[in-house]
Amino acid sequence: MWSFKEEAIKYCEQDCRSLHQVISKYNVLFFNNFGFNIHKSPTISSLAFANYRTNFMEKENIANLYYSDTDSIYIDKPLPDSFISNTVLGKLKLEKICKRVIFLAPKIYILSGINNNIEIKIKGVTKKAILENNINLSLFVCKAGKIYYLKII
């Protein structure tokens, strides 16, 4: 007699086996072509960027990455002009240069600009709440030099 439960379990087991085979094959192909184990990158975008940075970007253009999210990066030196544009989609736009920064967690950080303006970002907390609760630079410590904030446009 046909059983939905048994068919669902069989389908899931076959699906998992197929997915494992595809991932294993992809890992071998990617490692053989680019020298990376795909399991060391939590997302496809981080794998692609690591591959680009290692195999395609000129070494003198590689900066230290301090923080990134879906559409922006914070690095410690300027990128070549060929990476930067205020209008071309897919290029980076220089948003600001920071004197001091502290990154506590994803979407929780504080920036001090070149002209000493302070910007505090805490996901889910309004600027008004930050001001009312006296959250300020003195609550954080940072020894970083200049940090360049670039956003994908």
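Each reported figure results from applying straightforward, stated rules to the coordinates on display, with no laboratory input. On a predicted model such as this, the values are computed, not experimentally measured, just so you know. Using ideal geometry, Cβ is built from the backbone for each residue, glycine included, and neighbour counts are taken over all protein chains shown.
When you have a sec, figure out the Kirkwood radius of the stretch 1-143 from all distinct Cα pair distances and drop it here in Å to one decimal? Before the final figure, lay out each step's value.
Working: mean 1/r = 0.0515 Å⁻¹.
Across the stretch 1-143, the inverse of the average 1/r is 19.4 Å.
Once every DSSP H run of n ≥ 4 in the chain is given -39500 (n - 2.57) and the sum is divided by its residues, what mean residue ellipticity at 222 nm do you get, rounded to the nearest 500 deg cm²/dmol?
-10500 deg cm²/dmol
Taking one equal scatterer on every alpha-carbon of the stretch 1-56, how large is log10 of I(q)/I(0) by Debye at q = 0.16, 0.19, 0.24 1/Å?
Reported log10 I(q)/I(0), two decimals: -0.59, -0.70, -0.91.
Once you have the Cα-Cα distance between residue 7 and residue 93, take 0.36 nm times their residue separation minus that, and quote the gain in nm to one decimal.
Working: separation 86, 0.36 × 86 = 30.96 nm, distance 5.20 nm.
Gain on stretching residue 7 to residue 93: 25.8 nm.
With the crude spin-label approximation of a point 7 Å out along Cα→Cβ, what separation in nm comes out for residue 119 versus residue 131?
Distance between the two pseudo-spin positions: 1.7 nm.
Between residue 82 and residue 46, what is the label-to-label distance in nm when each label sits 7 Å out along the Cα-to-Cβ direction?
2.8
Using Cα atoms only, what is the angle between the long axis of helix 4-34 and the major principal axis of the chain, expressed in degrees (0 to 90) to the nearest 10?
It is inclined by approximately 60 degrees.
What size of dipole, in debye to the nearest 20, comes out for the stretch 1-56 about its Cα centre when the only charges are +1 on Lys and Arg C-beta atoms and -1 on Asp and Glu C-beta atoms?
So the dipole magnitude of the stretch 1-56 works out to roughly 260 debye.
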